2 protein chains.
Amino acid sequence: MHRTTIKVVEDALDANTTLAKANRSDFDRSGVTVVNLMSAPGAGKTTLLTKVLGDMKGVRVGVLEGDVQGSLDADRLAHLHLPVVQIQTDNGFGGECHLDANMVRSALPDLPLDDIDLLIIENVGNLVCPAEFKVGEDIRIMVSSVTEGEDKPAKYPLMFRACEMVIVNKIDLLPYLDYDLDKFNYYLDGVHPEVPRMFVSAKTGEGMEELRDYLVGLATRTAAPATT
Amino acid sequence: MHRTTIKVVEDALDANTTLAKANRSDFDRSGVTVVNLMSAPGAGKTTLLTKVLGDMKGVRVGVLEGDVQGSLDADRLAHLHLPVVQIQTDNGFGGECHLDANMVRSALPDLPLDDIDLLIIENVGNLVCPAEFKVGEDIRIMVSSVTEGEDKPAKYPLMFRACEMVIVNKIDLLPYLDYDLDKFNYYLDGVHPEVPRMFVSAKTGEGMEELRDYLVGLATRTAAPATT
């Protein structure tokens, strides 16, 4: 009589995790550092990219744009002469509100992975679901605009927890808003204490040098990835 | 020999539609007009409500707040002394990014439907999925902040299509933004021509009287509901 061993392979049940790991292997093989860039709609992700990707100090960058529909964001990056691939999530009624590992995987053949050092995946603007779907990235960066109000970490805690860097954008508008930076930091510390944060303005250029250095550091591994 | 008739009951397969209709019946029975208020995170839905619900010219209002977590929005409405019920969608990993008819239904016992004329359901901040889930409402109002950029109707078309009114908020910030109102109207006309739109600022009060009159009109049925 022999015993039956039942092995529960939990991860195998989760197709997204399996596919994220497959993406991860491909990225590792090509030596590509991958950033998953997330935010609410209109927080300024694409504008930030147009400001910093023009001169990345020798780091070769590719961009994967996720949108429900259209290619407006990819078009805005066209002048940078980088490899940019657009994924449209609108494959059904209304479209998906996030990128998942399979969508990213479907775009990999169109990306010259061996010729880039850093891949930036601009996720669909949404403060809930993108945080639930890993796509094979090294680092998740969360962009939060001051125009959204300081309470967002408390209202969308997973999103602010599931990231290694928080970029607070549009600080040029602070004089015109009732926005309390201390309160934002308090709420953010409540869900993700000690996560690094940068306060920037793509419009005035404030903090752009710091952001560029951070991204360059990620790609050249001279800067340690932020804590998970 | 008799023939078998197969009747395909399409709607019955869609639990959300069935439950939305059940909600609708309850609202009708109590004579309540229901508004589904949708926007991206931080567009200012709650602030708009705090500005207009204080004096609704005799219309009795209730509010149903949808959030992933917490009760910040409900707390902000507390001083208005209205019936406010908070739904938290965080019943799983990360939480749901929208309200559905079942969540709204679960809140109905806590709402004094017979004692209100207008129920405002403030949806989770998200520009994709809320548009896909009817909850039994009469009218869907979409709030778009100018700080999000003028391209949002083109990027999130279903959301701007699945509404009967678009409120463009935070227009007090226009002098400090590179925001082209004509372009916004152009994009909006592209996905939803002739949808009525209001340009307002909860901060300065501009357009608040108009918005209040619109909501009062919906509840008293003196104003025809906007086109669907």
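The values are calculated or read from the model by the stated rules, or taken from the named source; none is laboratory data. None of the values given here were measured: they were computed from a predicted structure. Using ideal geometry, Cβ is built from the backbone for each residue, glycine included, and neighbour counts are taken over all protein chains shown.
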Residues in the range A:165-219 that are at pLDDT 95 or above and either on the phi > 0 side of the Ramachandran plot or of a type in the set (Phe, Trp, Tyr) (or both): how many? 10
Determine which single condition residue B:97 fails, assuming it passes every other condition in (1) on the phi < 0 side of the Ramachandran plot; (2) assigned to a loop (DSSP other than H, G, I, E, B); (3) crowded, with 17+ Cβ neighbours inside 10 Å; (4) in contact with a strand residue (DSSP E or B) (Cβ under 9 Å, 6 or more places away or on another chain). (4)
Quick count over the range B:47-61, residues being of a type outside the set (Val, Ile, Thr) and either buried (at least 22 other Cβ atoms within 10 Å of the Cβ) or closer than 26 Å to residue A:38 by Cα (or both), is 2
For the range B:141-198, enumerate the residues that are more than 10 Å from chain A (Cβ to nearest Cβ) and assigned to a strand (DSSP E or B). B:141, B:142, B:143, B:165, B:166, B:167, B:168, B:169, B:197, B:198
Matching entry among A:107, A:74 (being of a type in the set (A, V, I, L, M, F, W, C), more than 21 Å from residue A:218 (Cα to Cα), assigned to a helix (DSSP H, G or I) and within 14 Å of another protein chain (Cβ to nearest Cβ)): A:74
List every residue pair whose Cβ atoms lie under 8 Å apart, where the two residues are 6 or more positions apart in sequence or sit on different chains, the first residue falls within the range A:159-175 and is farther than 18 Å from residue A:132 by Cβ and polar (S, T, N, Q), and the second residue, located anywhere, is in a helix (DSSP H, G or I) and at pLDDT 95 or above. A:169/A:48; A:169/A:146
Within the range B:16-44, tally of residues that are touching a Leu at 6+ places or on another chain (Cβ under 6 Å) and either within 11 Å of chain A (Cβ to nearest Cβ) or over 16 Å from residue B:119 (Cα atoms) (or both): 2
Within the range A:200-223, does at least one residue satisfy the condition of being β-branched (Val, Ile, Thr), touching a helix residue (DSSP H, G or I) at 6+ places or on another chain (Cβ under 8 Å), closer than 23 Å to residue B:124 by Cα and surrounded by fewer than 23 Cβ atoms within 10 Å (Cβ to Cβ)? no
Scanning the range B:58-71 for residues that are more than 8 Å from every other protein chain (Cβ to nearest Cβ) and closer than 19 Å to residue A:155 by Cα gives B:63, B:64, B:65, B:66, B:71
Please verify whether the range A:128-137 includes one or more residues that are buried (at least 23 other Cβ atoms within 10 Å of the Cβ), farther than 22 Å from residue A:105 by Cα, within 9 Å of chain B (Cβ to nearest Cβ) and of a type in the set (A, V, I, L, M). no
Please work out which residue is nearest to the chain's Cα centre (by Cα), limiting yourself to the range A:110-140 and to residues that are assigned to a loop (DSSP other than H, G, I, E, B) and farther than 22 Å from residue A:44 by Cα. A:136
The one condition residue A:123 fails out of (1) closer than 20 Å to residue A:20 by Cα; (2) in contact with a helix residue (DSSP H, G or I) (Cβ under 8 Å, 6 or more places away or on another chain); (3) surrounded by fewer than 21 Cβ atoms within 10 Å (Cβ to Cβ); (4) not acidic (Asp, Glu) is (3)
Among the candidates B:132, B:150, B:137, which residue alone is out of contact with any strand residue (DSSP E or B) (no Cβ under 6 Å at 6 or more places or on another chain) and modelled with pLDDT of 95 or more? B:150
Residue A:44 touching a Lys or Arg at 6+ places or on another chain (Cβ under 9 Å) and surrounded by fewer than 23 Cβ atoms within 10 Å (Cβ to Cβ): no
Pairs, first free of Cβ contacts under 8 Å to residues at least 60 places away in the same chain in the range B:124-142, second surrounded by fewer than 22 Cβ atoms within 10 Å (Cβ to Cβ) and in a helix (DSSP H, G or I), C-beta under 8 Å, six or more apart: B:128/B:158; B:132/B:158
